[in-house]
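The values are calculated or read from the model by the stated rules, or taken from the named source; none is laboratory data. Keep in mind that what you see is a predicted model, and the values were worked out from it rather than measured. Neighbour counts run over all protein chains shown; Cβ positions are idealised from the backbone, glycine included. Calculation scope for accessible area: heavy atoms of the full protein, side chains included, ligands and nucleic acids excluded. Shrake-Rupley method; radii C 1.70, N 1.55, O 1.52, S 1.80 Å.
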Amino acid sequence: MDESFVRFADVMVPLPVPGLFTYRIPRELEEAVKPGCRVVVQFGKRKILAALVKEVHNRIPQLIAPKYIMGILDEQAVVNPAQFEFWDWIAAYYVCHPGEIMAAALPSALRLNSEARIMLHPEFVDDKDSLSDNEYLITEALHAQPRLTVDEVSKIVGFKKVMPLLKTMIEKRQLIMEEELEQREIPKKKAFVRLSQEFQDEEKLRPLMDQLAKRAYKQLEALMVYLRETRFPAGEASEVELSKITEASGASIAQVKALADKGVFVLGQKIVSRLEQFQSTSAASNVILSEAQQIAFEKIKQHFQAKEVTLLHGVTSSGKTEIYIKLIDEVLSQGRQVLYLLPEIALTTQIIQRLRQYFGDRMGVYHSRYSTGERAELWREVLKTDGKRQLIIGPRSAMFLPYVNLGLIIVDEEHDASYKQQEPAPRYHARDAAVILAKLYNAKVLLGSATPSLESWYNAGSGRYGLVQLSERYGGFNLPQTIIVNMREEQRRKTLRSHFSSVLMEKLQQTLSGKQQAILFQNRRGFSLRIECSQCNWIPECRNCDVSLVYHKKQNMLRCHYCGYAREVPEQCPECNSTGLQMQGFGTEKVEEELGLMLPGLRIARLDLDTTRTRQAFQQILDDFGQGKTDVLTGTQMVTKGLDFDRVNLVGILSADNLLSYPDFRAFERSFQLMAQVSGRAGRKNSEGWVVIQTFRPKHEIFRYVVYNAYEEFADQQLAQRKQHNYPPYFRLIELRLLHRDANTLNEAAYALNDELRKKVKYQVLGPEYPVVSRIRNLYIKQFLIKIPRNVSPKETKQGITSAVSVIMKLPNFKQIRIQIDVDPY
C-alpha cells in the first residue's frame, strides 16, 4: 500500500489529559472523517470513547503504531475552526487540557463521555461452522439481547482483553459498533390529528355527528374542537395537535383514538422544535432614546470604529438596555450574530421578557436549566449559516456556541464575579475570554455596568478600551437617598427589633402604607449562620470541611454550604451536655420569618439558592413581585443584579459589615459594587427611593462612596492601593492549589513544590499557606500566589509553573496530590 495515501486524525478525548491523540482512519471512512466531527476510538486497553477530530493529515507517527478509528458519529462537523482556535487560546492562557474545555463547551447531549455497544452486522450470516467458540458465544448473546456493552462481552467470553477479538469480528463484518451517548439526542415528537379523506365529505360528516351525539358525546366534542381549530369546511382539514383537542374538549386520548379506529381521524407524529418560541410585538426602531442615551449610542459607534472594546459606564436605571437593543438591531440587520452575556441564569428571565418583544424568534436562550435536548438543538441552529436564532442570550457557557458570523458581544454587568469559572477546569473569565472570541470573528465587545470592575476601568482610562458614560437616570429620576444606620447606637437605645433597626422599620412601614414595595438584602442564606453552646462555646462543624454548619429551619437541619453534608440539630451540647444552644447570626430564611411575625399580613418572598432550585421557581417569584402579589422581596446576591421593578421604593442592606470583613484584596471593590447595585433597585420609576444600610462601622470610608455614588473617586483610591501592593490591574496573579486527604503528605508536597517554584519562577511567589477554609470535602488545601508584572508576558512563568508541577507529580509519594492552576483567580 502507498503510505502517502494513509490518512490519520488528531483527536481530542474527553479526559483531563494533555495534548491530542493520533488515530488511523480506515479506508472506508476517509471521506467521512472531517475536522469537527465526533468519532469512536479505543483509548487505552479497555476504554471506548467518542473523540473530536481536530485535524486530518498523512503524517505517519514515528514512535507508535496508531489504532484505527472504529466509527463516526456525525455526518457534519459539530465544532467549527474558530471554536478550535478559541479553545486553543483558553488552554494556553488558563493552563488546562483540551479535554477539559470540550467538557465545558459541548452540551451534554453532544458530550463525549459515552459507552460503546456491540450489535450484529446487518449483513451477518449465522453460519455456526465458520465461527470460533468465542465468536459463537458473542453472536448467540446478541441474538438474545440486540446490544451488548464491552464489559458485558468480557463477562460472556470470560476474559478482559476483548478488544482484539471485537476488532477482528468487526473486520469480518460480523459485528458493528454503535455509540450509546449518555445523553442521546432524541428528536422531540408531538402527536397530531387530521380529518381522514373519507369524512372530508360533508354528507358523511353530518350523519356521523348525529350518531356521536347519541352514543359518544365526548368523541363529538373532540371532533367539534378539531373542526373549530381548522375552520373546516370553510378552511383546510389541516393537522391539529392532539393535546389541543384533549385539553379543549375534555376527551381522553383513548376517546380520540376511538375516532381514529372508526376512520374519522388519522393520527400521526411530527418532529417539532424544542426551542422556546418568542413572538415579537414591536420593532426596535420604536425604542426612543433620550438625549443622553442617543449621545452615548453615537459615542459607542464612534469608539467601535477605532477600538475593539468599549466600556459603557451608566448609573443604575440610566437606560443601558435600550442602547443594547439599538446596537443589537443594527448588527442583526447586517446579517451577523449577537451574543448577550449575563452573569447568572437568574438575570436571563427579565432580559428575555424585554428583548422578546423586539426580536421574537431571532432570539435563542442558552443555559444549564434548559433541557439537554433544547441546548443541543440550539447548538445546531447556531451552527447553520442560515440559522434563525441570531441573538443568543445566556451566562458564560453561551460563549462556547459554534457562531458562524459573530458581530457583537455584550457583556452586561461586566463587573460580576460570576463570570469567573471556579470549578471544574477550565477556570476561565468570560469577560476576558469574550474579548479574544470577538477578535476571532472581527466583532466588537461592549462591556456594561454601573460599577465597572477596576480592571475594565483601568483599561478604559489607559486608552485600551473606549469609554462612554451615562451619568443620569432615564426619565430624569433622582438616585435614591441613602441612610447609614449605626447599629451600635440602635443597640444602646434598645430600638432594635431583632435584626431590624428603627429607621428601617419606619421606612418599611411608610413604603407599605404607600402601596410600594421593598427589597431586603442579606448575603447569607439559611436561618442562622451557626449554633453555639452558651456554656462552652461549642459550634457544630461539618465532618468533611473546616466550616461551621448553617441552620435551615424549614428542614430543621444543620447543613454545610460547601459539600452538602447535613445533620439533625442536637438537643444538647455534646461537649458539656448543656441545653443552652443559641443561634448566632441570621440568614434570609430568618429575615423572611421574623419580618412576617412583626408585620402580620405582610406578603414576603425569598430569593436565594434554596428557593430557586427549579427552572420555573425564579420566574414565578419575580412574576409575583412584578405583579404586586408580594410586598417585600428578601434575598442574597440574586436581588442585587439587574432587576427592574417600577414600584420598589425601599432597599435595605441588613448587614453591610459581612461584605467588608472578607479577607480578599477585592473585598472593598465587591462591597461597593454590591451595595451600589442593590441600592439601584430603588426609586427607578415615578417616586424617590430610599436605601437603608445597617452597619456597626458607620465611619468606614466605603459608605461615603456609596452614599454619594462616587464611583470614580472610589476607583482612584482603590487603584492607588492596588498599585502600591502589586495587585491587578498592575500585576497578574496565578494561584496554585494543592489538595490531598492527608495533611502531612500535603505539607511535604507543598514544601517540595515551593523549592521547585523558586528555582523556575523569577517573580514573587507567596506561600504555601492554608486558605480561609483549609479543608473541603475531606481534602486539605494549601495554596501559592504568584505575582507577575502586567507589562511582562506570563508565558515564561506559566512554563516554569507547569515544569515545577511536573517534577512534583513524578515523585512516588506525591502522585495522588491534586494540583490546580488558576490564572487570574478571584
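Once the dipole of the chain is set up with Lys and Arg at +1 and Asp and Glu at -1 on Cβ about the Cα centre, which of Pro789, Tyr705, Met809 lies farthest towards its positive end?
Checking the options against the dipole of the chain, the answer is Tyr705.
Taking R0 as 35 Å, what FRET efficiency do you get between Lys34 and Tyr826 from their Cβ-Cβ distance, rounded to the nearest 0.05? Working shown, then result.
On the way: r = 41 Å, r/R0 = 1.16.
Once the sixth-power term is evaluated, E becomes 0.30.
I'd like the FRET efficiency for Cys536 and Asp646, computed as 1/(1 + (r/R0)^6) with the beta carbon distance as r and R0 of 60 Å, rounded to 0.05.
Details: r = 52 Å, r/R0 = 0.87.
Efficiency, from the Cβ-Cβ distance: 0.70.
Pull up the cross-link candidates among the lysines for Lys188, meaning alpha carbon to alpha carbon under 25 Å and not fewer than 8 places away within one chain.
Straight-line reach from Lys188, under 25 Å: Lys244, Lys257, Lys270, Lys384, Lys388.
Subtract the Cα-Cα distance of Gln584 and Arg231 from 0.36 nm times their separation in residues, and report this length gain in nm to one decimal.
On the way: separation 353, 0.36 × 353 = 127.08 nm, distance 6.70 nm.
Full-extension gain reported as 120.4 nm.
Which distance in nm do the two modelled labels at Asp623 and Gln721 give, with both placed 7 Å along the Cα-to-Cβ direction?
4.4 nm
Once fully extended, how much extra length lies between Arg27 and Ala248, figured as 0.36 nm per residue of separation less the alpha-carbon to alpha-carbon distance?
Numbers: separation 221, 0.36 × 221 = 79.56 nm, distance 5.73 nm.
Extending this stretch completely gives an extra 73.8 nm.
With every protein chain present, what is the per residue accessible area of the range 1-143 (1.4 Å probe, Å²)?
Numbers: 6910 Å² over 143 residues.
It amounts to 48 Å² per residue over the range 1-143.
Share of antiparallel DSSP beta bridges in the chain, in percent to the nearest 5? Intermediate results must be reported in sequence, preceding the final value.
Numbers: 71 of 122 bridges.
Just about 60 percent of them are antiparallel.
Can you work out the Karplus-derived ³J(HN,Hα) for every residue in the range 385-392? Use 6.51 cos²θ - 1.76 cosθ + 1.60 with θ = phi - 60°, whole Hz, and x for glycine or proline.
5, 10, x, 6, 7, 9, 10, 10
Taking a probe of 1.4 Å, how large is the accessible area per residue of the range 603-669, in Å²? Walk me through the intermediate numbers first.
Working: 2440 Å² over 67 residues.
For the range 603-669, the per-residue accessible area is 36 Å².
If r is the Cβ-Cβ distance from Arg603 to His121 and R0 is 56 Å, what FRET efficiency results, to the nearest 0.05? Before the final figure, lay out each step's value.
Numbers: r = 66 Å, r/R0 = 1.18.
Once rounded, the FRET efficiency stands at 0.25.
Report the extension gain between Met224 and Ser513 in nm, rounded to one decimal, defined as 0.36 nm multiplied by the number of residues separating them, less their alpha carbon distance.
Details: separation 289, 0.36 × 289 = 104.04 nm, distance 5.18 nm.
Extra length from Met224 to Ser513 when fully extended: 98.9 nm.
List the residues whose amide H sits under 5 Å from the amide H of Ser318, counting only those 5 or more places along or on another chain, with H placed 1.01 Å from N in the peptide plane.
Here Tyr474 satisfy the definition.
Please work out the Cα center distance from the range 23-62 to the range 724-754, rounded to the nearest Å.
Each part reduced to its Cα centre gives a spacing of 38 Å.
Share of antiparallel DSSP beta bridges in the range 533-652, in percent to the nearest 5?
On the way: 8 of 12 bridges.
Taking every DSSP beta bridge with both residues in the range 533-652, the antiparallel ones total about 65 percent.
Which value in nm describes the separation of the simple spin-label points at Leu137 and Gln572, placed 7 Å from the Cα toward the beta carbon?
Inter-label distance under the simple model: 6.3 nm.
Label points 7 Å out from Cα along the Cβ direction at Asp664 and Arg777: separation in nm?
A separation of 1.9 nm, rounded to one decimal place.
Taking H placed 1.01 Å from N in the peptide plane, check which residues at least 5 places from Ile410 or on another chain put their amide H under 5 Å from its amide H.
So Ile410 has HN proximity to Leu339, Tyr340, Leu341, Leu446.
State the answer as a single residue: which of Cys576, Tyr770, Phe232 lies farthest towards the positive end of the charge dipole of the chain, with beta carbon charges of +1 for Lys and Arg and -1 for Asp and Glu, about the Cα centre.
Cys576
Rolling a 1.4 Å sphere over the protein heavy atoms, what is the accessible area per residue of the range 274-345, to the nearest Å²? Intermediate values should be presented prior to the final figure.
Working: 2990 Å² over 72 residues.
Solvent-accessible surface per residue comes out at 42 Å².
As a test of the definition: which semi-axes, in Å, follow for the range 1-85 when you take the square root of five times each eigenvalue of its alpha carbon gyration tensor? Largest first, please.
Working: eigenvalues 66, 51, 33 Å².
The equivalent ellipsoid of the range 1-85 has semi-axes of 18, 16, 13 Å.
Treating the beta-carbon of each Lys and Arg as +1 and of each Asp and Glu as -1, no other charges, what is the dipole magnitude of the chain about its Cα centre, to the nearest 20 debye? Intermediate values should be presented prior to the final figure.
Details: 111 positive and 98 negative charges, 285 e Å.
Dipole size: approximately 1360 debye.
Roughly how many Å² of Asp644 are accessible to a 1.4 Å probe, to the nearest 10?
40 Å²
Carbon-plus-sulfur fraction of the accessible area of the chain, 1.4 Å probe, in percent?
The value for the chain is 47 percent carbon and sulfur by accessible area.
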